[in-house]
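Heads up, the thing below is written out as structure tokens.
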Amino acid sequence: MTKLRLAIVGAGPAGIYAADILLKAERKFDVSIDLFDHLPAPYGLVRYGVAPDHPRIKGIITALRDVLDRGDIRIFGNVRFGEDLTLEDLKQHYNAVIFATGAIRDAALEIPGIDAVGSYGAADFVSWYDGHPDFPREWPLDAASVGVVGVGNVALDVARVLAKHAEDLLPTEIPANVQAGLEASPITDVHVFGRRGPAQVKFTPLELRELGELRDVDMVVYDEDFDYDEASQAAIASNKQVMVIDRVLQSWRKRESVNNQGGTASRRLHLHFWAKPVEVRTDDDGRAAALVYERTRPDGQGGVEGTGELREIPLQQLYRAVGYFGSPLPGVPFDKKHGVIPNHEGQVLRKDSNERVPGVYATGWIKRGPVGLIGHTKSDAMETVSHLINDQGSWWQPADPSPEAIPALLESRGVVWTDLDGWHRLDAHEIALGEPVGRARIKVVDRDEMVRVSRAE
């Protein structure tokens, strides 16, 4: 019986699901899987891309943990692909590789002034508040009025974390430096901008509802945004999710705080629809001072068109949450325009000829772009894995497929890696840090400290 030695690069949901699906799949060969990640801890964006006050989504970690704790997948954390381990190394020791590296950079928003001081990508801010070890520990929270461009769940996460009172985040696993930074924030107003209408937003009803539950924060919506066209009315009538979103927004219109009338809270969260960002105005020091946007309207084709009417909202910081973007990997084809590895159903293709690259596969956001929820990640992995199984004839023929080869190689290069036992130690350590103060956990942020705890050094 043949044996498949498989490397998976990326230990987030996409990589872990691919491993699990392959191990459970019908096949005529044995499998052994090594999972590599550049971070010392697994779970990718579920650990480092989900707001700390979202314990329900964090519940996904429980399912991922169950997969890893079966013990039939090896983990090598704190290993950088392209530096500590190359594609050529993988060919020497494995039959194939699946890249599941996700997307952590911000997509561009190309308007004048977007590079002003105080204008940021939301992904960087998310990495900061989630305690990602490769991002600075400090964040300049010095603005009273802040803008967030985008109407997806990430935009709402950013808006919620900015508007929420820091002490209300204390029961979560928010890192200590993040809580201290938010505590000192002088923020009073958060403005969220979307270029389409309320019936075309990308966020989920649950995310929206949570905004309205924030303590001492008034929700502000504007009556002029709710003059629905036929397409919007049809979407509300035919789509349950859109119907619920409309119901929540309509309930906020009836609140006293709406349109800035009669609100009593110390902070306000404004939702501006039909608002297409045009320019970030700056002050004499090059700092963000205002967002200029154009009012839009439905174009009758399901899109929007400009009305020519420009408006300006004063602000001192701006976050763009217009999508994530993949990063290229050394030696692996990359589509710079779409931020993905070019592929056919997960089989990686050469960039110039569209020929298949034998032995190389992709799954998750690096395969299809940053769209869809966890369910999509599972079906994605299934498609990729089924090709991998059927492509047995074109697998690599490694010179040394022995399980001992990889630890020996990493050791010879001085790579200090972490394993599954190490993750259990770090996990227990973080939970223990939180216990005395009644918190779920206190996340260790420093990479070296994560590695020391993991390796019991």
Straight-line reach from Lys28: which aspartates and glutamates fall under 20 Å, measuring Cα to Cα and dropping same-chain residues less than 8 apart? Asp20, Asp72, Glu383, Asp391
Above 26 Å lies some portion of the pair distances; for the stretch 261-414, what is it as a whole percent of all C-alpha pairs? 58
Ranked packing of 172-178, 303-309, 232-238, most packed first, by mean Cβ within 10 Å: 172-178, 232-238, 303-309
Per the rule of 0.36 nm per residue minus the C-alpha distance, extending Val292 to Asp223 adds in nm 22.8 nm
Do any trypsin sites (Lys or Arg not before Pro) in the stretch 171-259 lie in a DSSP loop with no more than 14 other beta carbon atoms within 10 Å, and if so, which? Arg215, Lys254
Report the semi-axes of the equivalent ellipsoid for the chain in whole Å, largest first, where each axis is √(5λ) for an eigenvalue λ of the Cα gyration tensor. 41, 26, 20
What nm value, rounded to one decimal, do you get for the distance between Glu183 and Asp400 when each label is placed 7 Å out toward the C-beta? 5.2
Per residue, how much accessible surface does the chain expose to a 1.4 Å probe? Answer in Å², no decimals. 43
So if I take the centroid of the Cα atoms in the stretch 129-149 and the same for the stretch 36-78, what is the distance between those two points in Å? 23
When Rg is the radius of gyration of the Cα atoms in the stretch 373-457 and Rh is its Kirkwood radius, what does Rg/Rh come to? 1.15
Once Val154, Val280 are ranked on solvent-accessible area with the largest value leading and a 1.4 Å probe, the list reads Val154, Val280
Return the inverse of the average 1/r over all pairs of distinct C-alpha atoms in the stretch 108-320, which is the Kirkwood hydrodynamic radius, in Å to one decimal. 17.8
Can you compute the FRET efficiency between Thr62 and Arg215 using 1/(1 + (r/R0)^6), with r the Cβ-Cβ distance and R0 = 25 Å? Round to the nearest 0.05. 0.35
What spacing in nm lies between the two simple spin-label points modelled at Arg74 and Glu26, each 7 Å away from Cα in the Cβ direction? 3.1
Among GluC sites (Glu not before Pro) in the stretch 357-441, those in a DSSP loop whose Cβ has at most 14 other Cβ atoms within 10 Å are Glu404
Label model pair Glu83, Lys336: point-to-point distance (7 angstrom along the Cα→beta-carbon line) in nm is 2.3
Hey, if you put +1 on the Cβ of every Lys and Arg and -1 on every Asp and Glu Cβ in the stretch 326-457, which of Pro403, Pro436, Pro333 ends up farthest toward the positive end of that dipole? Pro333
Environment charge of Gly194, counting only residues whose C-beta is closer than 10 Å and scoring Lys/Arg +1, Asp/Glu -1: +3
How much length is gained on full extension from Val248 to Glu305, taking 0.36 nm per residue of separation minus their Cα-Cα distance? 17.9 nm
Using a 1.4 Å probe on the protein chains only, how many percent of the accessible area of the stretch 108-320 belongs to carbon and sulfur? 48
How much length would be gained if the chain were fully extended between Glu138 and Asp421, taking 0.36 nm per residue of separation minus their Cα-Cα distance, in nm to one decimal? 98.8 nm
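The values are calculated or read from the model by the stated rules, or taken from the named source; none is laboratory data. All values reported here derive from a predicted model rather than from experimental measurement. In this analysis, Cβ positions are derived from the backbone assuming ideal geometry, glycine residues included, and neighbour counts consider all displayed protein chains. These accessible areas exclude ligands, DNA and RNA; they are computed on the full protein's heavy atoms, side chains included. Shrake-Rupley method; radii C 1.70, N 1.55, O 1.52, S 1.80 Å.
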